[in-house]
Amino acid sequence: MNHKKTNPILSIQEVATAMNSTRDPDRLLELILDRCIQICGVESGSLMLIDERSGVLEPVSSKGLNQQKLKETRLRVGQGITGLAASSGKAKLINDVSVDPDYVIVKDDIKSELVAPMIVEDAIIGVISLDSNRLNAFSEEMLEIVTVLANQAAQIFKNLQNIRNLEQKTKIQATLIEISKLVTSTLDLTEVFEHIMVTIEKSLKLEKGSIVLFSKESGLLRIVAASGLTNEEIEKGSYQPGEGITGSVFETGEPAIIESVANHPSFLNRVGYMSHFKHDPQNVSLLCSPILSEQNIIGVVNAFIVQNRHTDLKGLSDFLQVVASIISQSIKIQNLIEEAKKEVSRENILLKRELKNKYKFGSLIGKADLMEKMFEKIQLVADSRASVLITGESGTGKEMIANAIHYNSTRSENPFVKINCAAIPENLLESELFGHKKGAFTGAIADKKGKFELADTGTIFLDEIGEMDLNLQSKLLRVLQEREIEAIGSTKAKKVDVRIIAATNAELEELVMAKKFRADLFYRLNVVKITTPPLRERADDIPLLINHFLEKYAKENNKAIRGLNRDASKLLLKYSWPGNVRELENVIERAVVLAQEDMLSVDDFSEILEKFDSNKDIPNSSQTRSSDKTSNYPQDTPQHLSPEHMDITAGRLSPIQLEALDGRAMEAVVSEIESRLIQYAMKKYRYTKTRVAKFLGINRNTLDKKIKELNIEY
């Protein structure tokens with residue numbers, strides 16, 4: 001029987017060309033086997049790869065052989081002529097198999113066999129086996145050529161593995177990115193877990209999988225999310241720590257790769273996984289990874305996969321460990337959020353109690369008749385839903401009155417939203433008040449709720465209402481009349497239940513007459529009007545307020561301030577307080593912060609002294625001290641001069657004293673007077689150089705020069 005043979009050189013060239021041009025590695029392996037058969041002019045052959053797990057040769061491509069018998073034979077590495085070539089890495093040429101004791105019959109009529117190992121990077125990965133029904137069918141030349149082609153096949157397979165591994169890594173990377181996006185898009189743990197399992201199954205074709213978490217209450221591991229399982233199957237998924245593969249991974253904290261769960265003694269199949277793998281149970285692998293939170297193991301994530309010869313179980317196991325880390329971070333974030341919510345809830349309750357206590361009527365300071373009448377009106381209006389207009393000069397405490405009204409009303413547990421109409425530009429105020437829809441204007445990248453919607457069921461405080469634009473006034477009027485708002489860019493109105501408290505230091509009646517404020521809005525706001533009296537009209541309350549602010553800021557600044565001396569009290573009572581209570585509070589706070597003694601004196605309120613045209617009638621601590629002494633100089637006059645100098649500066653000169661100062665009398669006396677004046681002024685004005693220079697009638701630079709020349713401590 002004649003067999004057509006192929007030119008070996010052309011075959012090798014064809015295979016080399018195909019290696020550089022084709023994107024189908026499986027087709028290349030078939031081409032190599034086909035060319036080997038043609039070169040040798042034989043009837044059959046096979047290309048087999050070593051299965052590292054089982055130690056057997058798995059057929060990848062074959063021709064002229066019974067596929068079923070080939071699979072059933074399953075030659076082990078080291079078994080038969082083919083197995084020996086796979087174990088030793090040496091080619092075999094047997095021209096009469098009947099005389100070879102190692103030959104294993106695969107086909108009855110085979111008489112000659114040639115086997116070449118596939119070697120790449122010094123590793124044997126498989127063999128090419130050629131068979132003939134003729135004796136002496138092979139030559140040494142054929143053996144060399146087939147060996148070359150076998151090594152080419154090995155390189156192709158290696159390239160195929162690298163390509164598949166790269167594809168798997170790319171898929172894993174894309175899957176991790178997708179999972180990360182899912183995790184950051186929601187705070188619902190159940191939703192996160194379900195998304196993770198669905199994504200893993202869809203992207204990496206993992207057959208089944210589940211997330212199992214440990215419950216401290218029950219002491220059991222339970223499935224919290226799964227892919228490919230029914231609710232009934234999920235309910236069955238509970239394990240004791242240490243029980244089965246899942247329990248063992250939880251107990252040890254070590255990831256596990258089970259290559260074939262069907263043959264593993266610890267696999268419980270409690271959920272009924274194997275019913276899903278009836279077609280090929282032997283090739284089903286299980287990957288398990290512990291879920292760690294700091295030093296604690298809190299659960300296990302597992303996934304099943306049906307293997308093929310390209311499956312990289314180690315790479316998939318590493319991927320699953322990263323997924324376990326993401327799950328752990330999601331749980332940690334959720335726990336932190338829950339703790340934060342509890343803390344915010346606790347703080348909210350405490351804050352509401354504090355605010356309610358702070359703004360109860362007894363905490364509003366004042367005993368003057370005007371204040372008593374105002375308190376009575378606040379009490380009457382607090383529980384109503386009527387709009388309130390608070391008027392009065394700046395600094396009289398209009399916001400505190402609004403707080404007192406809200407926190408003593410039936411809405412005290414609901415939102416209290418404040419907005420200063422003068423502090424926000426007109427083009428932004430409408431959005432702040434009523435909100436806007438995405439795309440309503442440039443920069444509106446998302447929907448935004450307005451202050452009215454945030455204050456629903458509560459109270460909104462509109463400070464400086466007189467500064468509001470006329471166009472916005474009409475929209476505010478609609479809220480008062482219809483109790484509904486319409487966001488910018490929306491065509492749908494929304495009902496709101498909001499009580500409005502407005503405040504202004506302007507005369508709204510005058511603005512109405514000047515057509516700068518809508519009359520209809522004014523009457524809507526002016527249902528109940530509360531006027532806060534200026535501090536100059538309630539002078540009896542000044543001592544109460546002083547004591548209150550002294551106690552408050554002494555405590556805040558950790559200072560032991562006992563009070564004010566008589567002169568300081570007279571000074572503060574005589575002042576007109578154009579800035580009202582706010583100015584008084586600021587003055588007291590500043591004095592407490594800068595105080596060096598436990599009793600505040602006139603010197604601690606130098607900024608008040610500066611506001612008087614003349615200080616003739618202002619009590620002054622330095623004047624008080626000087627009146628107790630016979631000297632014309634203040635009590636704090638330095639005593640570093642000689643008695644002679646003291647007499648000179650006091651105006652009592654004797655010839656003997658003048659003689660003692662011969663040649664330097666003018667310099668000594670002038671220098672001493674300058675030194676005493678500067679020290680007196682610095683003490684009086686609390687070392688504020690600008691004010692000291694003004695008092696002395698010199699500029700700041702001259703003062704600095706004098707301090708240096710006279711060696712005055714500063």
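Of all residues in region 282-298, exactly one satisfies the criterion of being within 30 Å of E58 (Cβ to Cβ) and open to solvent by 50 Å² or more (accessible area, probe 1.4 Å), namely Q282. Restricting the first member to region 212-239 and to residues that are of a type outside the set (S, T, Y), and the second to residues that are surrounded by fewer than 16 Cβ atoms within 10 Å (Cβ to Cβ) and not in a strand (DSSP E or B), the beta-carbon pairs closer than 6 Å and six or more apart or on different chains are E233/G272; K236/R270. Within region 598-625, being surrounded by 15 or more Cβ atoms within 10 Å (Cβ to Cβ) and either in a loop (DSSP other than H, G, I, E, B) or at pLDDT below 50 (or both) holds for S601, I618, P619, N620, S621, S622, T624. T175 is checked against (1) open to solvent by less than 20 Å² (accessible area, probe 1.4 Å); (2) polar (S, T, N, Q); (3) outside any helix (DSSP H, G or I) and fails just one. What number does that condition carry? The failed condition is (3). For A650, the criteria (1) within 28 Å of V602 (Cα to Cα); (2) in contact with a helix residue (DSSP H, G or I) (Cβ under 9 Å, 6 or more places away or on another chain); (3) modelled with pLDDT under 80; (4) not acidic (D, E) hold in every case but one, which is (2).
All told, S139 falls short of being crowded, with 19+ Cβ neighbours inside 10 Å and of a type in the set (S, T, Y).
Just one residue in the set K570, K529, K495 is open to solvent by 70 Å² or more (accessible area, probe 1.4 Å) and modelled with pLDDT of 90 or more; that residue is K495. Counting only helices (runs of 4 or more DSSP H) wholly contained in region 508-595, the ones carrying 2 or more residues that are in contact with a Phe, Trp or Tyr (Cβ under 7 Å, 6 or more places away or on another chain) occupy 508-513, 566-574, 580-594. With respect to the conditions (1) within 14 Å of G272 (Cα to Cα); (2) of a type in the set (S, T, N, Q); (3) open to solvent by 50 Å² or more (accessible area, probe 1.4 Å), S227 lacks only one, and its number is (3).
When every residue of region 178-195 is checked against the conditions, none turns out to be modelled with pLDDT of 75 or more, among the polar types (S, T, N, Q) and open to solvent by less than 40 Å² (accessible area, probe 1.4 Å). Applying the condition of being surrounded by 18 or more Cβ atoms within 10 Å (Cβ to Cβ) and in contact with a Lys or Arg (Cβ under 9 Å, 6 or more places away or on another chain) to region 668-689 and asking which residue is nearest to L594 (Cα to Cα) yields Y685. Taking (1) open to solvent by 50 Å² or more (accessible area, probe 1.4 Å); (2) part of a helix (DSSP H, G or I); (3) free of Cβ contacts under 8 Å to residues at least 60 places away in the same chain in turn, Q155 satisfies each apart from (3).
Residues in region 406-419 that are under 23 Å from F434 (Cβ atoms) and either out of contact with any Leu (no Cβ under 8 Å at 6 or more places or on another chain) or modelled with pLDDT under 90 (or both): H406, R411, N414, F416, K418.
Annotation: of all residues in region 279-314 being of a type in the set (S, T, N, Q) and part of a strand (DSSP E or B), the one that is modelled with the lowest pLDDT is S293. The set of residues in region 56-84 being in a loop (DSSP other than H, G, I, E, B) and modelled with pLDDT of 85 or more consists of V77, G78, Q79. Within region 384-397, the residues that satisfy the criterion of being on the phi < 0 side of the Ramachandran plot and either open to solvent by 20 Å² or more (accessible area, probe 1.4 Å) or in contact with a Leu (Cβ under 9 Å, 6 or more places away or on another chain) (or both) are S384, R385, A386, S387, V388, L389, T391, E393, S394, T396.
Looking at A423, A455, A446, A402, just one residue is of a type in the set (A, V, I, L, M, F, W, C), open to solvent by 30 Å² or more (accessible area, probe 1.4 Å) and either closer than 16 Å to A502 by Cα or touching a residue at least 40 places away in the same chain (Cβ under 8 Å) (or both), and that residue is A423. Here E709 passes the criteria (1) closer than 25 Å to F605 by Cα; (2) open to solvent by 50 Å² or more (accessible area, probe 1.4 Å); (3) in contact with a helix residue (DSSP H, G or I) (Cβ under 9 Å, 6 or more places away or on another chain) except the one numbered (1).
The residue list G64, G45, G41, G83 contains one member that is under 25 Å from E259 (Cβ atoms) and not hydrophobic (A, V, I, L, M, F, W, C), which is G83. Scanning region 458-492 for residues that are open to solvent by 30 Å² or more (accessible area, probe 1.4 Å) and under 18 Å from K438 (Cβ atoms) yields E486, I488, G489, T491, K492.
For V301, indicate whether it is in contact with a strand residue (DSSP E or B) (Cβ under 7 Å, 6 or more places away or on another chain), in contact (Cβ under 8 Å) with a residue 60 or more places away in the chain and open to solvent by less than 20 Å² (accessible area, probe 1.4 Å). Yes: the conditions hold for V301. In region 89-101, the count of residues that are assigned to a helix (DSSP H, G or I), closer than 21 Å to E144 by Cβ and under 60 Å from the mean Cα position of the chain (by Cα) is zero.
Among the conditions (1) open to solvent by 60 Å² or more (accessible area, probe 1.4 Å); (2) of a type outside the set (A, V, I, L, M); (3) modelled with pLDDT of 90 or more, the only one that Y553 does not satisfy is (1).
When we screen V106, V97, V42 for residues that are more than 28 Å from N159 (Cβ to Cβ), in contact (Cβ under 8 Å) with a residue 40 or more places away in the chain and β-branched (V, I, T), the only hit is V106.
The values are calculated or read from the model by the stated rules, or taken from the named source; none is laboratory data. What you are looking at is a predicted structure, and each value in this text was computed from that prediction instead of being measured. Here the Cβ is made from the backbone with ideal geometry for all residues, glycine too, and neighbour counts use every protein chain on show. These area figures cover heavy atoms from the full protein model, side chains too; ligands, DNA and RNA do not enter into them. Shrake-Rupley method; radii C 1.70, N 1.55, O 1.52, S 1.80 Å.
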